[in-house]
Amino acid sequence: MSVVVQKYGGTSVADAARIGNVARRIVATFEQGHSVCAVVSARGDTTDELLALAREITPDPPEREMDMLLSAGERISCALLAMAIHRLGYDAVSYTGSQAGIITDTTHTKARILDIHPDRIESAMREGKIVLVAGFQGVSTAKDVTTLGRGGSDTTAVALAHALGAMVCETYTDVDGVYTANPSLVSRARKLDHVSYDEMLEMAASGAQVLALRSVEYARKFDIPIHVRSSFTEAEGTWVNDGGHGMDIEQQLEQPIIRAISYTTDEAKVTLRGVPDKPGVAARVFNALAAARVNVDTIIQNTSESGHSDISCTVPAEDLPAAELALHDVVEQLGAREYVTDSSIAKISLIGAGMRSHPGVAATMFQTLADLGINLDMIGTSPIKISCVIAKEHVDEAVRTLHTAFDLDEKDVVHEASDRGVC
Ligand code: ADP
Ligand code: ASP
Ligand code: MG
């Protein structure tokens, strides 16, 4: 019997009616003769509310206790969904991440999955039960509850799809696929039928929250296709899989140069000023940030003639306090002049495998932003991505204008929210 792994996001299980809707979808898949393992996120804004609750108690909650708290959101929706399936007359069992055999490292709030022991899931499936797993969580090698970082239910689902030998991981959300840009910002964004792992990785890393970055890393590593679809419609969604899947060479060559535009306003810029310009300095700075578990992205260094330089990088806004602590020590150790931070930035990224062989993409991007009078603070590139850091206040206008400039706009139809199944 084939195994189907499905993941339902927070909006899809936000209230009793939607939980009932998801229960019926799962039962319909089961009735088609599949063994079903469904991964569920916390309802609606539960995770944000739990975070806010913790901050009401203390500005600096211990991370172990944060994981105990946040993992509760997924347990609630998972148990409620099991009840809804029972009500339909089917046998279902809900498991926490730990009961599902998801073993992680000990990095609280951002744990990585190390291993999965799916025996309990498999034996429940053999007994004809529908299995529900609380997303976004596991148990560490030190036997503590851990969570996998924001959006982590996507990662749970892909990892379980791999462990259970499923052919695909179906990710049900509040949009009917991956779009050329966030459809809630760009009304003329187009749904993509297919996105390669590499493109989706760059999109997820640069702010397209429709799939969590680690879930795409996992999917690419183990070649697990992800089908991103709406939980409110039956429409075919977007397939995320290896680049050429289902396309002949001519179709691949006809792919547009730019596939999508992503953006994030959840990063901050840190700059170290007056750093001695000598070997080993950058290594000291970034070793200190790494030791503080801060993920750095776009990096630039300006070398001055006086033997000193400035080093800037972007970091996730949530990591800024840790970065500041680390840089405070680095300034003293290196005899640098100072460090400064800027949280009012946005990063916009153009993504497309086609840009590897097409000159002029950067020029068009920079010219389009220049025509809007927008200053470029930092520029970063990968073989299939160009990113610019700009002032946060310009991000909406910049994304929409670039979307048009790179010919990504939907030509005939302007989507209304209801067309995409957004509730
Ligand atoms: P879920 O709760 O189902 O995991 P998320 O809120 O995490 O859903 O992700 C879905 C949201 O991602 C959409 O509502 C949309 O606003 C946003 N999004 C950002 N960029 C894109 C994109 N390129 N394509 C589709 N959705 C996107
Ligand atoms: N509930 C978690 C979050 O809001 C995990 C998830 O939804 O995937 O980030
Ligand atoms: Mg999500």
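Scanning region 366-393 for residues that are touching a residue at least 40 places away in the same chain (Cβ under 8 Å), open to solvent by less than 50 Å² (accessible area, probe 1.4 Å) and not in a loop (DSSP other than H, G, I, E, B) turns up M378, G380, S382, K385, S387, C388, V389, I390, A391. Somewhere in region 265-275, is a residue within 28 Å of G177 (Cα to Cα), out of contact with any Lys or Arg (no Cβ under 7 Å at 6 or more places or on another chain) and surrounded by fewer than 17 Cβ atoms within 10 Å (Cβ to Cβ)? Scanning region 265-275, I find at least one residue that is within 28 Å of G177 (Cα to Cα), out of contact with any Lys or Arg (no Cβ under 7 Å at 6 or more places or on another chain) and surrounded by fewer than 17 Cβ atoms within 10 Å (Cβ to Cβ), so the answer is yes. Regarding I348, is this residue in contact with a strand residue (DSSP E or B) (Cβ under 8 Å, 6 or more places away or on another chain) and either surrounded by fewer than 18 Cβ atoms within 10 Å (Cβ to Cβ) or assigned to a helix (DSSP H, G or I) (or both)? No: the conditions fail for I348. If I filter region 193-236 down to residues being near ligand 1 (Cβ under 10 Å from one of its atoms) and open to solvent by 10 Å² or more (accessible area, probe 1.4 Å), which single residue comes out as farthest from A157 (Cα to Cα)? Among those that are near ligand 1 (Cβ under 10 Å from one of its atoms) and open to solvent by 10 Å² or more (accessible area, probe 1.4 Å), it is G207. Taking helices (runs of 4 or more DSSP H) as the structural unit, those lying wholly within region 1-120 and holding at least 3 residues that are surrounded by 18 or more Cβ atoms within 10 Å (Cβ to Cβ) and within 16 Å of ligand 3 (Cβ to nearest atom) correspond to 63-87.
Among the residues of region 186-222, those identified as more than 15 Å from ligand 3 (Cβ to nearest atom) and touching a Phe, Trp or Tyr at 6+ places or on another chain (Cβ under 8 Å) are V186, A189, R190, K191, L192, D193, H194, V195, S206, R220.
Total residues in region 211-232 satisfying the condition of being touching a Gly at 6+ places or on another chain (Cβ under 8 Å) and farther than 23 Å from T104 by Cβ: the figure is 6. Being within 23 Å of R43 (Cα to Cα), touching a Ser or Thr at 6+ places or on another chain (Cβ under 8 Å) and assigned to a loop (DSSP other than H, G, I, E, B), is that true of even one residue in region 155-174? Within region 155-174, one or more residues are within 23 Å of R43 (Cα to Cα), touching a Ser or Thr at 6+ places or on another chain (Cβ under 8 Å) and assigned to a loop (DSSP other than H, G, I, E, B). Screening V27, V93, V39, V4 for residues that are within 16 Å of ligand 1 (Cβ to nearest atom) and β-branched (V, I, T) leaves exactly one candidate, V39. Of the residues A163, A189, A159, the single one that is over 13 Å from the mean Cα position of the chain (by Cα), away from ligand 2 (no atom under 16 Å from the Cβ), crowded, with 24+ Cβ neighbours inside 10 Å and at negative phi is A189.
The values are calculated or read from the model by the stated rules, or taken from the named source; none is laboratory data. Note that the structure is a prediction, hence the values are computed from the model and not measured. Cβ sites come from the backbone with ideal geometry, for glycine too, and all protein chains shown count toward neighbours. Keep in mind that these areas ignore ligands, DNA and RNA; they rest on the heavy atoms of the full protein, side chains included. Shrake-Rupley method; radii C 1.70, N 1.55, O 1.52, S 1.80 Å.
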